[in-house]
Amino acid sequence: MDLKIDVRVAELLASRLCHDLVGPIGAIGNGLELLSDDEFGMADDAMQLTTNSARQASTILQYFRLAYGMAGARVGPDYTPLRDLAAALLETSRTKLDWTLLQAPEGAPDGIAKLVLNMIALGHEALPRGGTLSVEISPGPQGIDCAVTAKGQDAHLRPESLAGLQEDVDLEELSPRGVHGYFTRLIARRLGSDLEIETPAGDSVRFSVKLAG
């Protein structure tokens, strides 16, 4: 299914990415300033701050290069690098990743890895107090089932995220926070399916897609 992206969606995705990068890049600048004026003997702390922030910025760029860009549609059958990248993205948060089955099922369509990375990012947004993100990719009765379950205290989707997931979403009203849900659903539809959202318990949100094999 060939679905086109409105220019506004591209603009909002760029805004979302820049927003996520502002923190670590700003911290790099602060660390470099401390290094250049080590009046209080904080060189070691400044170097640690700079190193950690640079690593975080690099991880964000690598992650969303795959999640938003063309590279995500050309990932091989071994998902270990994707798992490691997702774990690195969550490293500075209170959320842990549970992703054990790392081989693409037979017949998995191109773009499934891109879809899962976006589902993980959407699930991360649903855990304001941290928790666990469980990833499942397995053969189903009619093809391949993909699911990401966000489980943790006060797990929920913010109003902006919910707005982006609506069937009749108005792109002019869409925000950088809500565009991620819209984009994730668009990827699922490009793969001939749709994104389903469930709240099976008060402390979890489940995102799932059933793909034809």
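Laboratory data are not the source of any read-out in this text; all were calculated from the coordinates shown. All figures in this text were calculated on a predicted structure; none of them were measured in a lab. Glycine gets a Cβ as well: all are built from the backbone with ideal geometry, and neighbour counts include every protein chain shown.
Details
- Percent breakdown of C-alpha pair distances by 10 Å bin, ordered from the shortest bin, for the chain: 8, 32, 35, 17, 7, 2, 0
- Under 19 Å from the Cα of Lys210 - lysines, other chains or at least 8 residues apart: Lys114
- The label-point distance for Asp203 and Arg55, in a model that sets each label 7 Å from Cα toward Cβ, rounds to 3.0 nm.
- Judged by the ratio a/c of the largest to the smallest principal axis of the C-alpha gyration tensor, segment 89-213 counts as oblate, that ratio being 1.5 or greater while a/b is no larger than b/c.
- Burial order of peptide ranges 155-163, 101-109 (average beta-carbon count within 10 Å, highest first): 155-163, 101-109
- Amide H contacts under 5 Å for Val75, placed H, 5+ residues apart: Gly111
- In the chain, the DSSP-assigned H stretches of four residues or longer account for a calculated mean residue ellipticity at 222 nm of -15500 deg cm²/dmol, using -39500 (n - 2.57) per stretch and the full residue count as denominator.
- Taking packing as the residue-averaged number of other Cβ atoms within 10 angstrom, the listed peptides 77-89, 114-126 run from highest to lowest as 114-126, 77-89.
- Phi angles across segment 202-208 convert, under the Karplus curve 6.51 cos²θ - 1.76 cosθ + 1.60 with θ = phi - 60°, into 3J(HN,Hα) values of x, 10, 8, 10, 10, 10, 9 Hz, Gly and Pro given as x.
- Ile5/Ser36 FRET efficiency (R0 45 Å; Cβ-Cβ; nearest 0.05): 0.60
- Highest to lowest packing among 6-18, 64-76, scored as the average C-beta count within 10 Å: 64-76, 6-18
- Förster radius 25 Å - calculated FRET efficiency between Asp84 and Ile25 (Cβ-Cβ, nearest 0.05): 0.65
- Distance from the alpha carbon centroid of segment 176-206 to that of segment 63-139 works out to 14 angstrom.
- Three-way shape call for segment 1-80 based on the alpha-carbon gyration tensor, with the a/c threshold at 1.5: oblate
- Computed FRET value (nearest 0.05) for Ala212 with Glu136, which takes r as the C-beta separation and R₀ as 22 Å: 0.80
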